[in-house]
Amino acid sequence: MSSKTPKILIYSHDSFGLGHLRRCRAIAHSLVGDFDTLSVLILSGSPIIGSFEFRSRVDFVRIPGVIKLRNGEYTPLSLHINIDHTLAIRSSIIEHTAKVFEPDIFIVDKEPLGLRGEVLGTLEALKQTDTRLVLGLRDVMDDPQVLKEEWERKNVYPALKDLYDEIWVYGPQDICDPLEGISVPDGVLEKLRYTGYLRRDLPTSALEQHAPSPFGEEPYILVTPGGGGDGVEMVDWVMRAYETRQRPLFPALIVLGPFMPAAAAAQFSERAEHLRDVEIIRFTPQIEPYLANATAIVGMGGYNTFCEILSFDKPTLMVPRVIPRREQAIRAERAEQSGLLKVLPIDRYPDSDLMAAALSDLPTLKPPSSAGVDNLLDGLDVISGRVGEIFGTYQSEDAARKLVNFKSAQA
């Protein structure tokens with residue numbers, strides 16, 4: 001280890017959406033709660049990272065943002081320079097930060113080499129030190145053939161074999177396997193550790209005050225498209241159901257997300273003005289209180305939303321996207337097969353009667369816990385246990401307990 005004070009560096013490329021940032025933040029907050037002297041630094045390209053609160057001993061370095069265009073190419077989010085120059089700046093910041101920070105553990109979120117290979121130099125440099133190199137993967141990455149071709153094109157396999165010490169899969173093995181159908185080099189599968197999903201809790205500030213509700217004490221359905229950038233069709237479909245309904249529906253609170261296109265957000269807000277039981281919130285960095293108070297949830301099926309659905313144990317209707325990745329659709333299909341929720345395929349849009357029927361039935365569905373699936377939400381405990389092993393020291397009773405649970409789970 002680089003010093004007596006343990007340090008973890010987390011990289012999150014964050015070209016779009018909230019998923020990577022929120023996953024990394026959840027891990028960081030959990031770890032500093034378990035290890036009294038641990039510091040965690042997050043490298044992120046998210047343009048809204050400053051909107052979130054961070055616990056003591058968690059901080060971030062904001063690298064220049066990029067966005068992905070419809071043709072698959074990247075372009076700078078704000079800077080009027082070419083993408084290669086932007087990526088060179090990002091890569092330099094990442095590598096210099098790692099050199100100065102001297103992390104004991106370096107966790108790379110989802111992209112093994114970073115955005116267009118920007119983290120490769122940092123991995124190679126840290127490989128010459130005592131830093132433990134960890135790749136963190138979602139439970140589902142994409143359709144296996146698409147992922148296989150993407151990783152071949154990006155030349156990912158040598159890094160999996162030669163650079164990374166461990167690969168953590170943020171889900172249970174029994175539901176989804178991100179490497180299913182992928183032929184990886186010898187030794188890679190032995191590096192995999194399935195953690196379970198990452199439990200979400202109410203933030204301390206929310207526990208100290210009553211969560212607001214636009215409907216008073218009346219029960220409501222929460223509709224969340226996550227970051228919102230690809231959620232226009234889902235939100236439109238829900239609103240059509242309320243506008244044309246032929247049956248009673250619970251009130252709906254729709255949180256559009258910060259990346260919902262401005263024109264669409266304005267149209268949705270205007271339409272909601274004519275509906276007495278539909279309320280719109282543009283964005284909140286603390287969606288947990290609304291999830292906790294909701295009677296049921298409608299979501300698209302992103303990783304973080306799925307973790308929240310399981311954590312707050314709400315009857316759920318998933319409307320997963322299928323473009324540009326089938327990740328959400330695969331996760332939703334597996335979850336429905338496990339009895340955790342119901343799915344309404346997006347290819348049935350914009351059948352408002354079908355959506356209205358689904359919304360009407362939703363509050364009567366059973367919560368995910370009724371499916372009886374074991375070890376769903378052990379992710380943060382398993383990660384803490386493994387980090388305790390790597391550090392070789394356990395600075396809180398919680399961390400020691402989680403290490404015992406971690407070893408029991410691995411036995």
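The values are calculated or read from the model by the stated rules, or taken from the named source; none is laboratory data. Computed from a predicted structure; not experimentally measured. A quick note on method: Cβ atoms are made from the backbone with ideal geometry, for glycine too, and the neighbour counts reach across all protein chains shown. We work out accessible area using only protein heavy atoms, side chains counted, and drop any ligands, DNA or RNA first. Shrake-Rupley method; radii C 1.70, N 1.55, O 1.52, S 1.80 Å.
Kindly state, to the nearest 0.05, the FRET efficiency for residue 55 paired with residue 270, given R0 = 41 Å and r defined as their beta-carbon distance.
Once the sixth-power term is evaluated, E becomes 0.60.
Just to confirm the number: angle between the C-alpha axis of helix 144-154 and the first principal axis of the chain, 0 to 90 degrees, nearest 10?
In the chain, helix 144-154 runs at an angle near 40 degrees to the longest axis.
From a point 7 Å beyond the Cα of residue 73 in the direction of its Cβ, which residues of segment 84-119 have a backbone N at a distance under 19 Å?
Under 19 Å, as judged by backbone N against the label point of residue 73, lie 84-89, 115-118 of segment 84-119.
Amide H of residue 260: which non-local residues (sequence gap of 5 or more, or other chain) have their own amide H closer than 5 Å, using H built in the peptide plane?
Long-range HN contacts for residue 260: 229.
Give the angle, between 0 and 90 degrees and rounded to the nearest 10, that separates the Cα long axis of helix 327-337 from the longest principal axis of the Cα atoms of the chain.
70 degrees
Counting only heavy atoms of the protein chains, get the accessible area per residue of segment 135-238 (1.4 Å probe) and round it to a whole Å² value.
For segment 135-238, the solvent-accessible area averages 43 Å² per residue.
Not counting the cut sites, what is the longest span of the chain without trypsin sites (Lys or Arg not before Pro) that DSSP labels loop and that have at most 12 other Cβ atoms within 10 Å?
That would be 71-275.
Cross-link list 110/154; 148/342; 68/161; 127/154: which exceed 24 angstrom alpha carbon to alpha carbon?
The answer is 148/342; 68/161.
Of 261, 251, 278, which is farthest along the charge dipole of segment 217-332 in the positive direction, counting Lys and Arg as +1 and Asp and Glu as -1 at C-beta?
Towards the positive end, the residue furthest out is 261.
Work out the charge dipole of segment 88-142 with +1 on the Cβ of Lys and Arg and -1 on the Cβ of Asp and Glu about the Cα centre, then indicate which of 121, 140, 89 is farthest towards its positive end.
Sorting the options by dipole projection puts first 89.
Keeping the other protein chains in place, figure out the carbon and sulfur percent of the accessible area of the chain, with a 1.4 Å probe.
48 percent
Output the Kirkwood hydrodynamic radius of the chain, Cα pairs only, in Å rounded to one decimal.
22.1 Å
In a solvent-free Debye calculation with one equal scatterer on each Cα, what is log10 I(q)/I(0) for segment 75-212 at q = 0.09, 0.12, 0.20, 0.21 Å⁻¹, listed in the order of the q values?
So the normalised log intensities work out to -0.36, -0.60, -1.19, -1.25.
With loop defined by DSSP as not H, G, I, E or B, and exposure as at most 15 other Cβ atoms within 10 Å, which is the longest segment of the chain clear of exposed GluC sites (Glu not before Pro)?
The answer is 274-411.
I'm checking a number: the convex hull volume of the Cα atoms of segment 342-386, normalised per residue, in Å³. What is it?
Convex hull of Cα atoms, per residue: 107 Å³.
Please state the charge dipole magnitude for the chain, taken about the Cα centre, from unit charges on C-beta atoms (+1 on K and R, -1 on D and E), reported in debye and rounded to the nearest 20.
Value, rounded to 20: 340 debye.
Rounding to the nearest 10 and keeping the result within 0 to 90°, find how far the Cα-based axis of helix 397-410 lies from the longest principal axis of the chain.
90 degrees
Tell me, in nm to one decimal, what length is gained between residue 173 and residue 286 on full extension, where the rule is 0.36 nm per residue of separation less the Cα-Cα distance?
Result: 37.7 nm gained on full extension.
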